[in-house]
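Only one structure is covered here, and it is reproduced in the block below.
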Amino acid sequence: MKRITALMVCLLFSVFIVSEKSTACTNFLVTKGATKDGSTMITYSADSHVLYGELYYWPAMKYKPGTMVDVYEWDTGKFLGTIEQAPVTFSVVGNINQHQVAIGETTYGGRSELHNPDGIIDYGSLIYLALQRSKNAREAIYNMVQLTEKYGYCSSGESFSISDPNEVWIMELIGKGPGKKGLSFVARRIPDGYISGHANQARIQTFPLANGTTSITTAELDKVFNPEVETVYSADLVDVARGFGWYDGADADFSFSDVYAPVDFSGARFCDARVWSGFNKVNSTMGDYLNYAMGYDLTNRMPLWIKPDRKLGVDDVMGLMRDYYQDTPMDMKQDVGAGPYLSTVRWRPMSWTVDGQSYLHERAISTQQTGFSFVTQSRSWLPDPVGGIIWFGVDDTYYTVYTPMYCGITSVPSSFAVGNGNIMTYSADAAFWVFNEVTNFVYTRACDMTPDLQAKQKELEQKYIMETAEIDTKAAELFKSTAKGSAKKATDFITAYSVNAGNNTVTEWRELYKHLFTKYMDGNIKTSRSLPEGYKYITPEVKQPGYPQDWLMRIVLDSGDKLKMPAVAGH
């Protein structure tokens, strides 16, 4: 039998350290009725200090019977085994495929007893295999279940966001234990007009039991394609928990999260607080759950989904991903850890001890160790190749630029391409390194430099939003045309636009670095001045803002008289 290696992504990255992975990644899920234009959207930040941000691409392919595919663990590159390849696979750009199906994830871990080390399918492979094989969200759920039942699942507990042009689903799953194939899982469709989110804490609690119409078990998995079905779960979900002695109540009272991944202080403060903060931006009632988000009251858990006070545009959803708890009690600019220049980041580790007492740094959505992040749009009124867009960015979400990549493109920008540098190999024209250069410089004096960065960020993103509206119309006309060669022209058109946009973003960001470094070098703020008549040159205007007054006061309180200058007569 012929063997191929389709999951190339698994070879690209190194290991997520366990402590980091347990508090990494944030997703929001947005339904058609919650958006201004009727698109569905999901977001994802892939966070790890050893994850290299790049844009994956698999072309659509056809395979002969008997073709096998090697599966490598996404986190580690470890070879897990071989599985049968699908006869036809769909093209995938990042985490969206040619049919506008998008998938994101967060790891919650859960019960370690349910880990199956003999499984061939890990969570990363599950995403990219499903994207290559699925035409809609329901088919993705079906394929994810079938793959793990046939080959076994080897990762820990995961939450998935799954969307297509019409629906958005949240799916939470975990294994069944050593040597046991299949999943313990529940998947729920987000009601239209609502948004959901997950961030490394299982979120699904109780759910409707199988009733033959809106809720089914895997015993009736084929019924998942019935549009009336809104909940799917593994037939033995409750029995697995009973077998381990974790649950002895009524089936109707079974809570997936409370049994398989009970929330604790860390699950609330480091994980669910991120979801709360995003919800809080768009729903005025979320103050009711502040004490839960801060880990003070674990009994008052947030709802799985909420209705935003207003409909959201793609730029609003990008804004959900740019969060450091601003304007909340957890605002990261408001404690001494922010330093004199109001930093929005904290160096790891997140928790630490002083005199035997443990303390924490907040874990916000925006964080320095993001490899890549995205916002997807799936739009039912457009042909698939142009209807799907993955707005892709690398590095810290607060400081990135989301650049549009149409789901029907046939190549990706060289600046984002796989192989252009890696986590230990610098490349001057790789988006990951260019953005990290800018961001790490801005971190040193965030309050001074961030406005300059945000001005360029907004300029580029708004430019792309306006441009894609025009590209949508032109490309859709070509895809709908019956003229010979129209489809190829359309594909070439959206590919050229996406490639140029990506490379343009990196070029603009490299120029931004030159501007920032020139202007803010050595603690100064330099501004060019007009050359007066008769001068060969003139030095720039230089401001030296120094430290804020409140920080100077902290220096005085800390140092006592050591830095005190003697009084001068007459002063």
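The values are calculated or read from the model by the stated rules, or taken from the named source; none is laboratory data. Values in this document were obtained by computation on a predicted structure and should not be read as measured data. Cβ coordinates were reconstructed from backbone atoms using ideal geometry, including for glycine residues, and neighbour counts include every protein chain displayed.
All of 53, 33 fail the test of being within 23 Å of residue 196 (Cα to Cα), outside any strand (DSSP E or B) and at pLDDT 95 or above, apart from 33.
Conditions tested, residue by residue: (1) in contact with a Leu (Cβ under 7 Å, 6 or more places away or on another chain); (2) free of Cβ contacts under 8 Å to residues at least 40 places away in the same chain; (3) buried (at least 18 other Cβ atoms within 10 Å of the Cβ); (4) in a strand (DSSP E or B).
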| site | (1), (2), (3), (4) |
| --- | --- |
| 326 | no, yes, no, no |
| 330 | no, no, yes, no |
| 344 | no, no, yes, no |
| 366 | no, no, yes, no |
| 373 | no, no, yes, yes |
| 392 | yes, no, yes, yes |
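Can you tell me which residue in segment 195-218 is farthest from the chain's Cα centre (by Cα), limited to those that are β-branched (Val, Ile, Thr) and farther than 14 Å from residue 304 by Cα? Across segment 195-218, the extreme among qualifying residues is 213.
Residue 359 meets each of the listed conditions (1) touching a residue at least 12 places away in the same chain (Cβ under 8 Å); (2) more than 29 Å from residue 103 (Cα to Cα); (3) in a strand (DSSP E or B); (4) not aliphatic (A, V, I, L, M) apart from (1).
Just one of the listed residues (61, 1, 41) is touching a helix residue (DSSP H, G or I) at 6+ places or on another chain (Cβ under 6 Å) and either surrounded by fewer than 16 Cβ atoms within 10 Å (Cβ to Cβ) or modelled with pLDDT of 95 or more (or both), and it is 41.
Listed here are the strands (runs of 3 or more DSSP E) enclosed by segment 117-226 that have at least 1 residues being within 29 Å of residue 274 (Cα to Cα): 157-163, 168-174, 184-189, 195-198.
Mind listing whichever residues of segment 165-193 are in contact with a strand residue (DSSP E or B) (Cβ under 8 Å, 6 or more places away or on another chain), more than 18 Å from residue 136 (Cβ to Cβ) and of a type in the set (Gly, Ala, Ser)? Matches in segment 165-193: 175, 182, 184.
If you go through segment 220-238 and keep only what is exposed (fewer than 14 other Cβ atoms within 10 Å of the Cβ), in contact with a Phe, Trp or Tyr (Cβ under 9 Å, 6 or more places away or on another chain) and not aromatic (Phe, Trp, Tyr), you end up with just 222. Does segment 529-547 contain at least one residue that is part of a loop (DSSP other than H, G, I, E, B), at pLDDT below 95, of a type in the set (D, E, K, R) and exposed (fewer than 10 other Cβ atoms within 10 Å of the Cβ)? Checking segment 529-547: at least one residue is part of a loop (DSSP other than H, G, I, E, B), at pLDDT below 95, of a type in the set (D, E, K, R) and exposed (fewer than 10 other Cβ atoms within 10 Å of the Cβ). Please work out if residue 381 is of a type outside the set (Gly, Ala, Ser), touching a residue at least 12 places away in the same chain (Cβ under 8 Å) and in a strand (DSSP E or B). It is false that residue 381 is of a type outside the set (Gly, Ala, Ser), touching a residue at least 12 places away in the same chain (Cβ under 8 Å) and in a strand (DSSP E or B).
Beta carbons closer than 7 Å, at least 6 apart along the sequence or on distinct chains, pair a first residue in segment 455-474 that is farther than 15 Å from residue 388 by Cα and among the hydrophobic types (A, V, I, L, M, F, W, C) with a second that is surrounded by 12 or more Cβ atoms within 10 Å (Cβ to Cβ) and modelled with pLDDT of 95 or more for 460/401; 460/505; 460/508. For segment 398-450, a residue qualifies if it is crowded, with 20+ Cβ neighbours inside 10 Å and of a type in the set (Ser, Thr, Tyr), and the qualifying residues are 398, 399, 400, 402, 403, 406, 415, 439. Can you spot a residue in segment 502-512 that is of a type in the set (Asp, Glu), modelled with pLDDT of 95 or more and within 18 Å of residue 399 (Cα to Cα)? Yes: segment 502-512 contains one or more residues that are of a type in the set (Asp, Glu), modelled with pLDDT of 95 or more and within 18 Å of residue 399 (Cα to Cα).
Just to be sure, is residue 106 more than 20 Å from residue 141 (Cα to Cα) and assigned to a strand (DSSP E or B)? Against the criterion (more than 20 Å from residue 141 (Cα to Cα) and assigned to a strand (DSSP E or B)), residue 106 does not qualify. Has segment 429-436 got at least one residue that is in a helix (DSSP H, G or I), in contact with an Asp or Glu (Cβ under 6 Å, 6 or more places away or on another chain) and either under 28 Å from residue 59 (Cβ atoms) or among the charged types (D, E, K, R) (or both)? Checked against the condition, which is being in a helix (DSSP H, G or I), in contact with an Asp or Glu (Cβ under 6 Å, 6 or more places away or on another chain) and either under 28 Å from residue 59 (Cβ atoms) or among the charged types (D, E, K, R) (or both), segment 429-436 yields at least one hit.
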